[in-house]
1. In terms of the Cα gyration tensor, with a ≥ b ≥ c the square roots of its eigenvalues, is the range C:256-368 rounded because a/c is under 1.5, prolate because a/b exceeds b/c, or oblate?
2. Counting partner chain Cβ atoms within 10 Å of every residue's Cβ in A:427-437, what's the average?
3. What does the net charge come to around residue B:357 if you take all other residues with beta carbon closer than 11 Å to its beta carbon, with K and R at +1 and D and E at -1?
4. Please list A:278-285, C:386-393 highest first by mean number of surrounding beta-carbon atoms within 10 Å per residue.
5. Ignore the peptide's own chain and count Cβ atoms of other chains within 10 Å of each Cβ in C:377-387; give me the average, rounded.
6. Considering only DSSP beta bridges with both partners in chain C, what is the antiparallel share in %, to the nearest 5?
7. How far is residue B:203 from the same spot in each other copy, in nm, shortest first, if each label point sits 7 Å from Cα toward Cβ?
8. In Å, the Kirkwood hydrodynamic radius of the range B:6-106 over pairs of distinct alpha carbons?
Amino acid sequence: MPTSIASDPDRLLPAETRTRSIARELLERVDNLPIISPHGHVDPSLLAEDTPFPDPATLLVSPDHYVTRLIHASGVPLDQLRVGGTTEVEPRQVWRRFCEAWPLFDGTASAYWLRSALTHVFGLTEELSASNADATFDTINARLAEPGFRPRNLFKDFNIEVLATTDDPMDELSAHAKLAEDGSFSGKVIPTFRPDSYVKIETPGWAGRVQRLISAAGDGKTGYEGYIRALENRRRHFIEHGAVSTDHGARSPFTCKLTTAEATRIFERALAGDADAADRDVFEGHMMYQMARMSTEDGLVMTIHPGIYRNHHPDTFERFGGDSGHDIPVPVSFTEGLRPLLADFGTAEGFHLVLFTVDETVYSRELAPLAGFYPSVYIGAPWWFLDAPDAMLRFRASVTETAGFSRSSGFIDDTRAFCSIPARHDASRRIEAAFLSRLVAEGRVSDERAHELIVDIVDAAPRRVFKL
Amino acid sequence: MPTSIASDPDRLLPAETRTRSIARELLERVDNLPIISPHGHVDPSLLAEDTPFPDPATLLVSPDHYVTRLIHASGVPLDQLRVGGTTEVEPRQVWRRFCEAWPLFDGTASAYWLRSALTHVFGLTEELSASNADATFDTINARLAEPGFRPRNLFKDFNIEVLATTDDPMDELSAHAKLAEDGSFSGKVIPTFRPDSYVKIETPGWAGRVQRLISAAGDGKTGYEGYIRALENRRRHFIEHGAVSTDHGARSPFTCKLTTAEATRIFERALAGDADAADRDVFEGHMMYQMARMSTEDGLVMTIHPGIYRNHHPDTFERFGGDSGHDIPVPVSFTEGLRPLLADFGTAEGFHLVLFTVDETVYSRELAPLAGFYPSVYIGAPWWFLDAPDAMLRFRASVTETAGFSRSSGFIDDTRAFCSIPARHDASRRIEAAFLSRLVAEGRVSDERAHELIVDIVDAAPRRVFKL
Amino acid sequence: MPTSIASDPDRLLPAETRTRSIARELLERVDNLPIISPHGHVDPSLLAEDTPFPDPATLLVSPDHYVTRLIHASGVPLDQLRVGGTTEVEPRQVWRRFCEAWPLFDGTASAYWLRSALTHVFGLTEELSASNADATFDTINARLAEPGFRPRNLFKDFNIEVLATTDDPMDELSAHAKLAEDGSFSGKVIPTFRPDSYVKIETPGWAGRVQRLISAAGDGKTGYEGYIRALENRRRHFIEHGAVSTDHGARSPFTCKLTTAEATRIFERALAGDADAADRDVFEGHMMYQMARMSTEDGLVMTIHPGIYRNHHPDTFERFGGDSGHDIPVPVSFTEGLRPLLADFGTAEGFHLVLFTVDETVYSRELAPLAGFYPSVYIGAPWWFLDAPDAMLRFRASVTETAGFSRSSGFIDDTRAFCSIPARHDASRRIEAAFLSRLVAEGRVSDERAHELIVDIVDAAPRRVFKL
């Protein structure tokens, strides 16, 4: 059986000899630094409960839409992968499907992460294949039963210092509280305030959700006033539990500033179910502006992840729910959409706004120019489909010449796949070393500065940008 | 006279020593595989008649808008190149203009194809130049008179296994039938159903063409019903003559689903000459949807080539007709436009939809995400202006990290220049080897898998995607 | 103190050994050629007066928005950098801020230019740092007092043959006249006609400016007729003072052709202050068309720099004026917008239209296809945020495969920073050598032709495209 290439110490480094040797030295500087993960989607109860992981398929395949989507594209129905809570087949069967599909992943980011996890977390030395599906399932299953493979022990082994989760504004954050109070757990697990379903009028159940929010946190105020007050209060609750940032998954980065009277009118129409599409867009743009305003007051870092057409395939959405692999990017532009927000808050003291994209066209055209002027704006690390070696190199090559290194956010793993966290950070560090090594080899950055820069990028930047 | 660089055995391979040696070995695996050409524009009567090619200019220059456009940009009027059937000058004169202009082509894809054809098909060893124009004209002319340079002999020498042409739905396909029946010709020449001028209301003569279609193939039905029936019948006729795919040259990939009543009303307005611009867009979008529906029933692979502003320069169009070098791309987006079609047919059993683009922005943003989820969607090989070494490398680097290798179509030469076919496939194979060699050198794909992948990409993918 | 990397003779050349050695030889061919600068923003009175430069900060920092914007992004208010004529702090203090901020510039184009100027113009051998701020300020200051550092002497030392400035249509061009008449100054300093504030109705003071223009140059005609006549006359005045081109900074490359009656109606509404947004767009598009028409008559090369949202941050604009670092690109498309202009003038004898962009998506999609057909269209060198090593390489890789080398403009430094001119041209030459060396190493262009091409690109192209 072929040996896994995950054991190659030079993986992801450039091929050219001199450049590779520069890259190796740069990598050494950051290889052992702790993981800072300021944005992701791990369930905090995983660590709060510290229950053993289930089987390999439920851990590594079924919940990971990066993985299931490509197997689906090859013709395997999602219910054969236990996506969306379906249980028609056994986990072992899912693992077999996955092993058969493994060759499809060659060249993908997922292959890198999975191969790394299998090798460096679970100790597999062989490449996966249809013929070792049962054996590898059993091996990993056995590992998962060992105490060393419980979430908290892995958290420690992974050398994670901070892990941010993403949470509903009404979440009581008891898992975070439990972890914070637990003297035996030294990691920092912090929540992130994600109000999408409270500010997007079109999300199913919006009115009821908003009414509950106002009742619970509106300080007795009602209507739009109570709504704003409640959001402010819930942000405070998050801050008290360690939150440093908010997250906004808008379809477009449109922002606008309504008067309170205008906002109130739309809000009331929306509660009555009478809002139209224009109302919805304007209200969402206004709430983006309001969230920025709140950030300038309470200090939470604002992050925006725009430009995704969610749930593109209706039938799949109906059967398997959201996050089942058919969110597809659309073109995006920040320059005009963000102007109202930046006009008022772009130079506000202490305001941090991190902009992510899955549309690469904005890197050199908009993000680097914006972040290269506004003290508040930071360029988010390559996101989602772009969180991959070549895409990361394109990112650096596109933004650095205008904005340098200081205006980007540092790596964000954005993952719900806990076991992929070390592999994702490892890939990022290797690519940063690869990029810098080329600049050094081409006489564009001094070797000395490159050694400082890589530490700044990997360690200082996320702390600085996310106020950790 | 300088020697042609087409004889360099390492042409297009990466410069770095170790990577180049990996690339060489990969190239060896596919160098002698037969050519599969599932989409192109060669005239089938060329092979059916097997008449000798005319002179070098009429073969290599005048009909090739890739070539004439750049000479035109340098200030040579198109009638000096016998474009669009003009005959003001002699072919030898055209060849002189071409040889004088030859230095303009340095660095272009056309230079690679032409230089390869001149060297490997016609045996020239020198670079073209103004001073050897007459001599090279004569040399090639002499070759063209030899029996070995007749189309069918070249077809065999080129090692072509399958060649698809592009044909009008009303074409009787007699050239294809003649070739299929001819025991002395072992190649496979198959038609492609291209209904653009029957579904785009704005094309001159639409109404008459559609009436003839209905009369000929509508099974006695009339109006919209007869129109749909006739299209279905003509597709069947194509299938009977070996067709495996349809081709659609929409300006944008907009699709929509009208009711039969709505479609009928627009169809009637259009026949009466009363359709407006909105009618035209909606009807074209609806017919794209209908073509997908038919594909799910008759199994033809659907290919879309969108995003071109045809005939940009009115005066040139008037004097030289279409395909005279001034088709210019426009921005394109698939995510929203294709949704109605994909909502209904995206996971339909056996449906294949190959999406091409001349707007590179959609590679990582839309095509890889779509093809990485929908079993029906395949990413078309780099098309037209992007069918060139660096553009192909950008393509692979942009789509592979999300969609792997299995979701792309395999190479399509899309050419009307018969003698460029081997050079185009050769370039593609070299670039696939170059791309894979980098992944191997960077520890991202194993050497073993790269050897399997390149065979899959070159040989198995086009057979699989085009159901050959 | 670390030595500046600006003294590396191989800076910006590719790392791979064989490719680098090819690049070195190519660079040698053009290293000593004179500088041709057909588009830029140096103040001609600088050379006409030949007064010594002020201190280092006023020379290299305060007026350079590439530099001040990134320092601003790090949190330093613009008035601490004496931007926009503010004088709250002393130049020495500005220089200290700049030296402290110097590490932010690693990897940027500005770092390359500044480091080159400091090393090769001012003889510094160390890297800047907070600790040598005062010493470097003093060193440069001392140099600036020497006669050799007066503008005209630097002009000669820089080996500048032609330098174009950018000027208001009503400018009397007396500085240009003075230089032309001065037998002791052998350089050529030529004006460029930039009518933006006369054709964009929305610019403050438009009506008064236009009335003055008509009075001064309308040959006694009034209204729209006088306006067109006056613009034609002022172009003639520019031509008489050596101008070879016009410059147009449109928000979008939209063009259209109005009848004289339509244009007159909008013009009158605009003078009366009654033009609406649609009027403004249409009028600007019409005037772009008119400027092309005038170019076909008087021979001035037309250059368009579109796609910038000027003065994005209102508060900064109010306090520091235009060109203070917050102009941000927006998406742009040329294919449809330029069609009316190109339909009528695209093949006009002698017409040259140079298209610039800060939206890289148009390189392969639109600019190379347009310039590869229309004899009038040239692809402008990478502009503004894209005038940087990696961006330049992306430019060449994106346009060359379709349009070759002959359809691009040659390098344009576009700078108001006089001392950065040699560094900018040096960077461009090195990148051209780097790009060509890769094509040679990959067997795509012959070594011989590469040696010819680099001379053509650096020297002949700007002369040919700008009619110098």
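All of the numbers you see were taken from the coordinates with simple rules; none came from a lab. Computed from a prediction, not measured in an experiment: that's the story for all the values here. Note: ideal-geometry Cβ built from the backbone for every residue, glycine included; neighbour counts use all protein chains shown.
1. Working: a/c = 2.01, a/b = 1.14, b/c = 1.76.
It comes out oblate by the Cα gyration axes.
2. 1
3. Details: positive: B:365, C:365; negative: B:359, B:360, B:366.
Result for the neighbourhood of residue B:357: -1.
4. C:386-393, A:278-285
5. That works out to 2 on average.
6. Given both bridge residues lie in chain C, the antiparallel proportion sits at roughly 15 percent.
7. 4.7, 4.7
8. After inverting the pairwise mean of 1/r, the radius is 16.8 Å.
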